[in-house]
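Undergrad: What follows is a single structure, and I will ask about it in a moment.
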């Protein structure tokens, strides 16, 4: 196990890892308003747009917001992100029936009482860690992990080919990841399901959420130092990268995600980071829906056009899930987020399990490359 991971828990589940000593949970000293208290009226990148927004511009932004309100509302009702990628675009009547069954199941779970099935000691500890910290790190059994590693190779090779078609520095984030379809990659899904079940991860997540869970989607991802999309902060302005760059809560998606490290990850090749306890500091339903609408519509981007549209919204609608780029480094909110941030530097074969509504970010790759599988669980 990588020596950067401190404090192996002294119990039967020797593969569980705890955060470095001295890391306090975010909720112990943070306001529920974080990070909603960004003052965009005085923000260098937004102030002029807010001052110059006219009636026509405000109406235009509200109409776009209204359009995406309907889209997000429908997606939330059917739990769209928990529908496997294979089923999102049914091509035949039988496919449509399967998709409708999945939608009905998603809706039904919203009204069922929490289920508390007994789980193994490892599952109990994973659930407890998720409840307290919002995150858990597990060292997967090498025999189980090796199967995943081999089965992921064809997907990773295809992804490398896609990345190779772009010159260095011209890739977008979407070109760094792909989606594995269960219908095509049955063996990979089976291997991931088996490993996450045997290690107590899926049972632990089920206990944490209070309902049955499974792996919904698997997304292979490769990043290396030639990627520069993460450096494009406010491209029209000379603004330094904030200390909370790329901190966000997932706008949608599974309640819990699992990141499988397929390469060693250290401080130079993009460790995943999570702000401990921030899953309990999440915004209310209405505020979170506003955030998701702005993220889905593209209003959360930092290019000039997106900032202009975002700035034309009424003050109470200026909220983002992807807020990290807008926080000032010296702000109280930024300091509190960083004080509770855990950077997961670990060797190949570790799994990072986290509540996606907590504050998190992927590290930027400065050297070598980072290879992961991100699994949506729901």
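Undergrad: Mind running the shape call on region 131-227? Use the C-alpha gyration tensor, a ≥ b ≥ c as the square roots of the eigenvalues: rounded below 1.5 for a/c, prolate if a/b tops b/c, oblate otherwise. Walk me through the numbers before you get to the answer.
TA: On the way: a/c = 2.24, a/b = 1.73, b/c = 1.29.
In terms of gyration-tensor shape, prolate.
Undergrad: With an 8 Å Cα cut-off and a minimum separation of 6 or more residues, compute the relative contact order for region 16-377 in percent. It would help to have the intermediate numbers written out before the result.
TA: Values: 633 pairs, mean separation 111.8, N = 362.
Here the relative contact order equals 31 percent.
Undergrad: Find the Cα radius of gyration of the chain, compare it with 2.2 N^0.38 Å by division, and give the number to two decimals. Walk me through the numbers before you get to the answer.
TA: Numbers: Rg = 20.8 Å, N = 378, 2.2 N^0.38 = 21.0 Å.
Normalised Rg, Cα atoms only: 0.99.
Undergrad: Expressed as an acute angle from 0 to 90° and rounded to the nearest 10, what is the orientation of the C-alpha long axis of helix 186-198 relative to the principal long axis of the chain?
TA: 80
Undergrad: Here's something else I'd like to know. Let me know the shape class of region 231-378, please: from the alpha-carbon gyration tensor, a ≥ b ≥ c as square roots of the eigenvalues, rounded when a/c is under 1.5, otherwise prolate if a/b is greater than b/c, or oblate. Mind dumping the intermediate values first?
TA: On the way: a/c = 1.81, a/b = 1.40, b/c = 1.29.
Taking the square roots of the gyration eigenvalues as a ≥ b ≥ c, region 231-378 is prolate.
Undergrad: What is the helix-to-structure angle for 142-151, meaning the angle in degrees between its Cα long axis and the longest Cα principal axis of the chain, kept from 0 to 90 and rounded to the nearest 10?
TA: Relative to the chain, helix 142-151 is tipped by roughly 60 degrees.
Undergrad: Moving on to the next point. Got a sec? How would 111, 234 order by Cβ neighbour count within 10 Å, fewest to most?
TA: Values: 111 6, 234 18.
The order, fewest Cβ neighbours first, is 111, 234.
Undergrad: Ranking request for peptides 81-93, 118-130, 264-276, 195-207: highest mean number of other beta-carbon atoms within 10 Å first, then the rest in descending order.
TA: On the way: 81-93: 14.8, 118-130: 18.5, 264-276: 21.8, 195-207: 23.8.
For the peptides 81-93, 118-130, 264-276, 195-207, the packing ranking is 195-207, 264-276, 118-130, 81-93.
Undergrad: Compute the angle between helix 93-109 and the longest alpha-carbon principal axis of the chain, please, reported from 0 to 90 degrees and rounded to the nearest 10.
TA: Approximately 80 degrees, to the nearest ten.
Undergrad: Determine the shape class of region 261-313: with a ≥ b ≥ c the square roots of the Cα gyration tensor eigenvalues, call it rounded for a/c under 1.5, and otherwise prolate if a/b is greater than b/c, oblate otherwise. Could you put the intermediate results ahead of the total?
TA: On the way: a/c = 3.30, a/b = 1.54, b/c = 2.14.
Oblate.
We did not get these values from a lab; they are worked out from the coordinates using the rules stated. Treat the numbers as computed from the prediction; the structure is a model and nothing was measured. Neighbour counts run over all protein chains shown; Cβ positions are idealised from the backbone, glycine included.
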